[in-house]
1. Checking the condition open to solvent by 90 Å² or more (accessible area, probe 1.4 Å), within 21 Å of Thr120 (Cα to Cα) and in a strand (DSSP E or B), which residue from Leu154, Leu167 passes?
2. Could you say which residue among Gly229, Gly256 is more than 30 Å from His43 (Cα to Cα) and not hydrophobic (A, V, I, L, M, F, W, C)?
3. Would segment 236-254 turn up any residue that is closer than 26 Å to Thr182 by Cα, free of Cβ contacts under 8 Å to residues at least 40 places away in the same chain and part of a loop (DSSP other than H, G, I, E, B)?
4. Name the single residue that is nearest to Arg100 (Cα to Cα) among those in segment 14-40 being among the polar types (S, T, N, Q) and outside any loop (DSSP other than H, G, I, E, B).
5. Restricting to segment 56-78, name every residue that is assigned to a strand (DSSP E or B) and farther than 29 Å from Val199 by Cα.
6. Would you say Ala142 is over 18 Å from Val61 (Cβ atoms), at pLDDT below 95 and either open to solvent by 10 Å² or more (accessible area, probe 1.4 Å) or not in a loop (DSSP other than H, G, I, E, B) (or both)?
7. Does segment 171-226 hold any residues that are hydroxyl-bearing (Ser, Thr, Tyr), open to solvent by less than 80 Å² (accessible area, probe 1.4 Å) and assigned to a loop (DSSP other than H, G, I, E, B), and which are they?
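The values are calculated or read from the model by the stated rules, or taken from the named source; none is laboratory data. If you're wondering where the values come from, they're calculated on a predicted model, not measured in any experiment. Cβ coordinates were reconstructed from backbone atoms using ideal geometry, including for glycine residues, and neighbour counts include every protein chain displayed. We work out accessible area using only protein heavy atoms, side chains counted, and drop any ligands, DNA or RNA first. Shrake-Rupley method; radii C 1.70, N 1.55, O 1.52, S 1.80 Å.
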Amino acid sequence: MSLDFSRTGKAGQTQMTVRDAQPPLKVIRAFETESGAALVHLHNISGGLLGGDHLEMQVTVGAAAHTQLTTTSATRVYKRRAGLANSRQSTRISVAENGRLEYLPDALIPYAEAAYEQHTQIDLADGASLVWWETVAPGREAHGELFAYDLVVLNTEITANDRPIALETARLEPKRRPLDWTARLGRYRYFSTMYVCRVGEPAARWTALETELSDLASAYSSREESVWGVGTLAAHGLVIRGLSTSGLSIPQRLFGFWDAAQRALFDEPAVPPRKIY
């Protein structure tokens, strides 16, 4: 799938152009929001990723365009059958000067015996901004599947003006290296990562925002349920991480961090995406 977003017209609305879309990935339309953003729901019409699937998505956000991407539901990764390759999802995103992207997917749920690799590269130009979060569930808890998957690999690279500001690789193999060890997830089952970036903001601005969001993280943290922390990137942004025993409170917490950052950086509240089912 290949999507382009550009800002057009005197009203400053953002419009979507679908360059390529092949099953199982699909988009229906871009919804116009009050802020001028184009809200797009990403559909996987097969219901999830199967062994051997390799999904590719390329998103280009043009200069001064404002885009909000979300999924219609959680991303489910099904059991890999014998002889099939790992499920793979590759995403390449570029945000041009003063463009804004809010990439807000629902949780990733790897089923028992699933093997999944995710590669995400995001390139930000001068003045571009990004809010992106992801949450990984332990499996289908209602079916008693806790860390029963074979493999989850998460590779992330974020660059600003062609210089890396975040490089991260996580390789989870619960059957070989149990995740409930103290040095890993311990008693927690869900983990979340959120990036907030705006290229060109001075370091002092990020230090101040780190302090503000750290206070929020302390208020959100309780040893029995969840712990949250905030840190600055090499430049141009922050990373927020959370561990939780339950997935119920995570969306609310992520929205709280986003709203605080949005008010600090843009002097406006965050607006959660409308969901369609």
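1. On the way: Leu154 fails: open to solvent by 90 Å² or more (accessible area, probe 1.4 Å).
It is Leu167.
2. Details: Gly256 fails: more than 30 Å from His43 (Cα to Cα).
Matching residue, one of Gly229, Gly256: Gly229.
3. Yes, segment 236-254 contains a residue that is closer than 26 Å to Thr182 by Cα, free of Cβ contacts under 8 Å to residues at least 40 places away in the same chain and part of a loop (DSSP other than H, G, I, E, B).
4. Let us first name the residues in segment 14-40 that are among the polar types (S, T, N, Q), namely 14-15, 17, 22, 33, 35.
Among the residues that remain, those that are also outside any loop (DSSP other than H, G, I, E, B) are: 14-15, 17.
Values: Thr14: 11, Gln15: 13, Thr17: 16 Å.
So, considering only residues that are among the polar types (S, T, N, Q) and outside any loop (DSSP other than H, G, I, E, B), the one nearest to Arg100 (Cα to Cα) is Thr14.
5. Of the residues in segment 56-78, the ones assigned to a strand (DSSP E or B) are 56-61, 66-71, 75-77.
Matches in segment 56-78: Thr75, Arg76, Val77.
6. Values: over 18 Å from Val61 (Cβ atoms): yes; at pLDDT below 95: yes; either open to solvent by 10 Å² or more (accessible area, probe 1.4 Å) or not in a loop (DSSP other than H, G, I, E, B) (or both): yes.
Yes; evaluated as a whole, the condition is true for this residue.
7. Residues satisfying the conditions are Tyr188, Ser221.
Per-residue answers, yes or no, for (1) hydrophobic (A, V, I, L, M, F, W, C); (2) open to solvent by 20 Å² or more (accessible area, probe 1.4 Å); (3) touching a residue at least 60 places away in the same chain (Cβ under 8 Å):
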{"position": "Gly51", "(1), (2), (3)": "no, no, yes"}
{"position": "Ala64", "(1), (2), (3)": "yes, yes, no"}
{"position": "Tyr78", "(1), (2), (3)": "no, yes, no"}
{"position": "Gly83", "(1), (2), (3)": "no, yes, no"}
{"position": "Glu102", "(1), (2), (3)": "no, no, yes"}
